[in-house]
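S.K.: The structure under discussion is supplied below as C-alpha cells; questions concerning it will follow.
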Amino acid sequence: MYYELYIDVFWMTNFMMDSLLLFAVRQMLKCPVGKGRIFMGGIVGSTMTCLIVLLPLSGLLRFFAGGILTALVMIRVGFGKQPVRMYRKAFVFLYISAFLMSGILQLFRPYMDTMSLFFVIASAAYAVLKGIQSLWENIQGEQKRICEVLLIQNEKRCRVRALLDTGNMLTDPVTKEPVCVADAQMITAFLGENIDKDSLKLRYLPFRSVGGNGVIPVIRIRQMQITEKRTIQVENPLLAISRGKLSEEEDYQMILNPDIVGGKKDGCKSSNARTV
C-alpha cells in the first residue's frame, strides 16, 4: 500500500493552515506585526514541513523537527524579534490554536471532498478561534486590555503594544486633551536619539501618581492609530515620555488614556480622534 503525495497541494494546504494559526496567535497576543511577516512565517513553516516529509529522518528526529523546530522557526520569522517571554506564550498559543482548529476540521472531514471546501472550512475555523478569543477577553473584563498601536511621525512609523488603563487620567491642563504615556526607550527607537523639540512641540506637564508628584516631558506627533475591536485614528496626539520602563516584562510599551479610545462619535473626549 502506498500514497501519492502532490507536493504543491501539500505545500499550499500547510501554508494556509500555518498562516491562519499565526494570525490567530497574533490576535491572542496583540502583537504589532504586519501581515507580510505573518505570511512569511507561513511560507517558512510550510516549506520546512515539506522538507521534513521528503527527507529520510528517524521517528524521533522527525517529531522534533516537525513538532518543535518548525513551530519555533515559524514564530521567530512571523513575529520578528520579541522578548523571550513572548516567544513562550506564542508557542503555547500556537499549539492550543492548532489543537482547536484540527478538531473543527476533523468534525467536517466527511464533507471536505474538494480543496476549495477545505479552504472555506479552515477559514471558518479561524473565525471560530477569533470568537473564542474575544469571548475570553470579555470574561476577563475591561480593566486591562492590550491594543496594537501604530505611531506615525512624517515618514517614520512604529508599531507597539499598548495597555488601555482606566487608571490613566493624565490630561493637558490647558487644552484638556487626554495624554498617553510612552516608554522612553521605544520613543528613542522611534524618533532617534536627537529629538526635534520644535517640531514635536516638547513641553512639560505636571502629573500626580502613587509614587509622588512631578513634571513629565510631553510631545505631539502627527498621528496614532489604535487597533482593538476597531481602528481609532487620532490626529496630533499627546505622548508623555516615561522615565523608566512601563512594563518590566515588556508586555507593552505604551499606556493609553481611556478617554482617547472610541472616537468622538462614541463619546471620546479627544476632538482629534475618529473611527476608521
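The values are calculated or read from the model by the stated rules, or taken from the named source; none is laboratory data. Values in this document were obtained by computation on a predicted structure and should not be read as measured data. Don't worry about glycine lacking a Cβ; one is built from the backbone with ideal geometry, like all the others, and counts go over all protein chains shown. For the accessible areas, the whole protein counts, side chains as well, though only heavy atoms, and no ligand, DNA or RNA atoms are used. Shrake-Rupley method; radii C 1.70, N 1.55, O 1.52, S 1.80 Å.
S.K.: Does Arg230 count as within 18 Å of Arg159 (Cβ to Cβ), of a type outside the set (Asp, Glu) and modelled with pLDDT of 90 or more?
M.R.: Answer is no for this residue.
S.K.: Something else about it: Every residue in the stretch 78-102 that is open to solvent by 40 Å² or more (accessible area, probe 1.4 Å) and farther than 15 Å from Met28 by Cβ, please.
M.R.: Result: Lys81, Val84, Ser102.
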